[in-house]
Amino acid sequence: MDVLGLTIILPLLPFYAEKMGASPTQVGLLVSTYALCQLIAGPILGRMSDHMGRRPLLLVSQVGTLIGFIILAYAHVLWLVFLSRVIDGLTAGNLSLAQAYISDVTRPEERAKSFALIGIAFGMGFLIGPGISGFLAQFSYQYPIFAAAGLSATSILATYFLLPSTAPASNAAVSRRITLLDWRSYARYFREPATAPLFWQFFAFAIAFSMFMTGFPLFAERRFVWQGHPFGPKEVGYVYAYLGLLGVLLQGGLIGKLVKAFGEITLVRAGFFLAMIGLAALGLTYRVATLLVVAAVASAGLGVIRPALTSVITHRADRTEQGVVLGLAQSLNSISQIVAPAIAGFLIDHSLLTAWALLAAVISGVALFFR
């Protein structure tokens, strides 16, 4: 439910903010503000849940998301749009708290299977959510937000009535927790030859992916025309749904066969190469039919990088350090979600549409040289 709400808002938010008078730069800062608030609040919510239990903090997080959606739906000026994203960001611990809850209630040998369900939820969310958003937005920009709020309210009811409480973590477990911003613990992984290139590659991937996803709606609005009018939330939502379908097909079994056939390292390099080619071609594309091809190439490349590269990272690290290296990857991802949207918004605001795509392509190409 939470992922569906997120993916409903994703293609709509840039157009909704523009309707309030936002420039592309301000749209980029809007997305960055949400990510920054999430980065600050995430570790705090995690620590509080260690002491108070997962369920109460999960409810707080979900209620914050609902309040943010309600404010967003009735916003009539830009500062209220920013306020809605700040509230949602400061309470946006839904995913991390859900993962912590799963870790609490499952045996170690069952956790990978349980965590995979979250990946499936994301894949289905990106398939269904943007399609819902695109369909409802043609009637009113408020309708998709109401739909997201309804889903958020449903998730609150499900958590309250269906989710059992768990005991807070022991003090020993709390003391060993490494937070999202614990860079002193992370720094040595950037010095070790076995892991440093992988983390630089992950950071490059996260920047390129975030630039692509957050910049595409405004890029498409200024570049493509469909049935006599510029791309809007409907068209962008349908493109995202199309890419989500391709992602489900890729993640639903094809990537496992590719890993067995070529190996994870080769797959990571192929992913960066496809992302580089697809993003560069996107910047030079002016026809909708061509857009569907090059966007699929870029999305396929970016889609194989994350699971393959994450797997390589966990193989290179000691078994006792899995949580630390995964936490570092999440930190890099969070930072990219702060930096990349601001860069994308600035470039598009200055009509540098081709430069936006080419910069993401160059970042993907540079990552190929990390060994």
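The values are calculated or read from the model by the stated rules, or taken from the named source; none is laboratory data. Not measured: the values here are computed from a predicted model. Note that each Cβ is placed from the backbone with ideal geometry, even for glycine, and that neighbours are counted across all protein chains shown. Accessible surface is based on the protein model in full, side chains and every heavy atom, while ligands, DNA and RNA are left aside. Shrake-Rupley method; radii C 1.70, N 1.55, O 1.52, S 1.80 Å.
Quick notes on this one:
- The order of the peptides 9-17, 193-201, 131-139 by mean Cβ neighbours within 10 Å, most packed first, is 9-17, 131-139, 193-201.
- With all protein chains kept in place, the per residue accessible area of the chain amounts to 46 square angstrom at a probe of 1.4 angstrom.
- Karplus-derived HN-Hα couplings along the range 56-62 (A = 6.51, B = -1.76, C = 1.60, θ = phi - 60°), whole Hz, x at Gly and Pro: x, 6, 5, 5, 4, 4, 5
- Three-way shape label, the chain, alpha-carbon gyration tensor, a/c 1.5: oblate
- Residue of ILE44, ILE145, ILE348 that the Gaussian network model of the chain assigns the largest fluctuation, springs spanning Cα pairs under 10 Å: ILE44
- Descending principal axes extents, the range 210-367, alpha-carbon based, whole Å: 56, 31, 25
- Taking amide H atoms as placed 1.01 Å from N in the peptide plane, the amide H of TRP226 lies under 5 Å from those of PHE231, each 5 or more residues away in sequence or on another chain.
- Accessible surface of the chain [probe 1.4 Å, protein heavy atoms]: carbon and sulfur percent: 69 percent
- Extension gain, PHE139 to TRP226, is 29.6 nm, computed as 0.36 nm per intervening residue step minus the present C-alpha separation.
- Mean shadow area of the range 28-90 over all directions, Cα convex hull, nm²: 4.0 nm²
- Distance between modelled label sites at PHE273 and ARG107, nm, 7 Å Cα→Cβ extension: 4.3 nm
- Prolate/oblate/rounded call for the range 238-304, Cα gyration tensor, a/c under 1.5 rounded: oblate
- Computed from backbone phi, the HN-Hα couplings of the range 259-270 come to 4, 5, 7, 10, x, 5, 4, 4, 5, 4, 5, 5 Hz, rounded to whole numbers (Karplus: 6.51 cos²θ - 1.76 cosθ + 1.60, θ = phi - 60°; Gly and Pro given as x).
- Under Karplus coefficients 6.51, -1.76 and 1.60, residue-wise ³J(HN,Hα) of the range 188-197 in Hz, glycine/proline x: 5, 6, 8, 9, 7, x, 6, 10, 4, x
- Fully extended contour minus Cα-Cα distance, from SER351 to ALA289, at 0.36 nm per residue: 20.1 nm
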